[in-house]
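Bear in mind that the values in this text are calculations on the coordinates, not laboratory data. On a predicted model such as this, the values are computed, not experimentally measured, just so you know. Here the Cβ positions follow ideal geometry from the backbone for every residue, glycine too, while neighbour counts run over all protein chains shown.
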Amino acid sequence: MTDVADIWIYLSQGPLLWLTLTLIAYGIGDTAFRASGRKPIVNPVLLAVAILSVVLTLTNTSYATYFEGAQFVHFMLGPATVALAVPLYTNLALIRRSFLPMLAALVVGAGTAMVSAVVIARLAGVGPDTLLSLVPKSVTAPVAIGITEALGGQPALTAVLVIVTGVTGAIIGTPIFNALRITDYRARGFAMGVASHGIGTARAFQVNETAGAFAGIGMGLNALLTALIAPLLAPYLVAAY
Amino acid sequence: MIQHLTILLGFQLLGEAISRGAGLPLPGPVLGMALLFVALMAVPRLAAITTTAQGLLAHLSLLFVPAGVGVVGQLDRLGDDGLGLALAILGSTALAIIAAVYTFIGVARVLGR
């Protein structure tokens, strides 16, 4: 008869346990979200991350060991991003009609995200190196990291700021829209995608399929726009310290 | 299902190859999304992947969990700037959402759409 500790040692070193626990933690998060009447503050991503962080700390498991299992879930982000083309296609007529509003909202939203983040952080006394890493925080992670590298910031810090921005947008978006009595799901979704990339897009899909489709476009367009203008804008934002 | 996944992975691969090859500032999957969108318009029969795509997108949130867990271990990188950065993210995300949504609605209204 094998000892429980031996079984644990065997399982905790392989990918199966951590993959299964990732799905269970998300299942708990999603169930809590539904049970709360789909309240945005009960964010399934945030809950699952909290549960898993506690488990990793209690069991003294490294992130590298955890990721051996979790990478299978992480990998699906790629094909899921490609799959965003499908709601774009099924909402084509609506998107064609919304071309100019989207373009205007993209420029204003992306500009506001970058400028206001740096201005607020400067007022709060954040140093110039850190400010550079903050500039692309509304952009989907792989692009944001590339932008930070080009600006000379810290990519690992940007990764943290990007994820925190995504979760923040996913939590505050719906309450803001409801308080402002905005019922246009094209505009709601697009704003979510521009301000809080994939995590905002995932949240938009929970609310409404049209919102999700527009969020996906907002995320993709903002990745392109910020990659192009951040290198031009960042020196002015961070300079004159 | 396997066929649909092959299509999605194929477009990701294509996007990845083009993005790397041409040194574009877009990640492969985002370019793959654009390419699949064009392909859907050219070959409407491809829309058969809708069920698989919707299945993936319905639980898009799940896919961010591993990266989120990684971030928790990195939170000490924020250091003394933690509070300032938290304020900046909260404030700027709210402002960007409000600015984008009102711009969208304003322009749509002016154009009568």
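Considering only alpha-carbon pairs that sit under 8 angstrom and 6 or more positions apart, the relative contact order computed for chain A is 18 percent.
Taking the fewest neighbouring Cβ atoms within 10 Å as the starting point, the ordered list for A:LYS137, A:LYS39 is A:LYS39, A:LYS137.
If I stretch the segment between A:LEU16 and A:ALA179 completely, what's the gain in nm (0.36 nm per residue apart, minus their alpha carbon distance), one decimal?
Additional length available on full extension: 54.3 nm.
Compared with the dominant Cα axis of chain A, that is its longest principal axis, helix A:63-75 is turned about 60°.
Just to be sure I understand the rule: take each whole DSSP H helix in chain B, project its Cα atoms onto its long axis, keep it if the span is 20 Å or more and its mean Kyte-Doolittle hydropathy is at least 0.0. Which ones pass? In chain B, the long hydrophobic H runs are B:2-22, B:28-42, B:82-111.
Placing unit charges on the Cβ atoms only, positive for Lys and Arg and negative for Asp and Glu, gives the protein assembly as shown a dipole magnitude near 1400 debye about its Cα centre. Remark: segment A:82-238 carries a charge dipole of roughly 380 debye about the Cα centre, counting +1 on each Lys and Arg Cβ and -1 on each Asp and Glu Cβ.
Restricting segment A:138-199 to trypsin sites (Lys or Arg not before Pro) that sit in a DSSP loop and have at most 10 other Cβ atoms within 10 Å of their own Cβ leaves A:ARG181.
Think of the protein assembly as shown as a dipole: +1 on every Lys or Arg Cβ, -1 on every Asp or Glu Cβ, centred on the Cα centre; then among B:GLY68, A:PRO87, A:ILE147, A:PRO87 lies furthest on the positive end. Where does helix A:141-151 land angle-wise versus the long Cα axis of chain A, in degrees 0 to 90, nearest 10? Between the helix axis and the principal axis of chain A, the angle is about 60 degrees. Relative to the longest principal axis of the C-alpha atoms of chain A, give the angle of the C-alpha long axis of helix A:15-35, reported between 0 and 90° and rounded to the nearest 10°. Relative to chain A, helix A:15-35 is tipped by roughly 60 degrees.
The spacing between segment A:35-110 and segment A:117-144, judged by their C-alpha centroids, is 21 Å. Taking a ≥ b ≥ c as the square roots of the eigenvalues of the alpha carbon gyration tensor, chain A is oblate, as a/c is not under 1.5 and a/b does not beat b/c. By the beta-carbon count within 10 Å of each Cβ, the least crowded to most crowded order of B:ILE89, B:ILE2, A:ILE172, fewest first, is B:ILE2, A:ILE172, B:ILE89. Arranged from fewest to most other beta-carbon atoms within 10 Å of their beta carbon, B:THR51, A:THR165, A:THR130 become B:THR51, A:THR130, A:THR165. Summing charges over neighbours of A:ILE171, with a neighbour being any other residue whose Cβ is under 12 Å away from its Cβ, gives +2 when K and R count +1 and D and E count -1.
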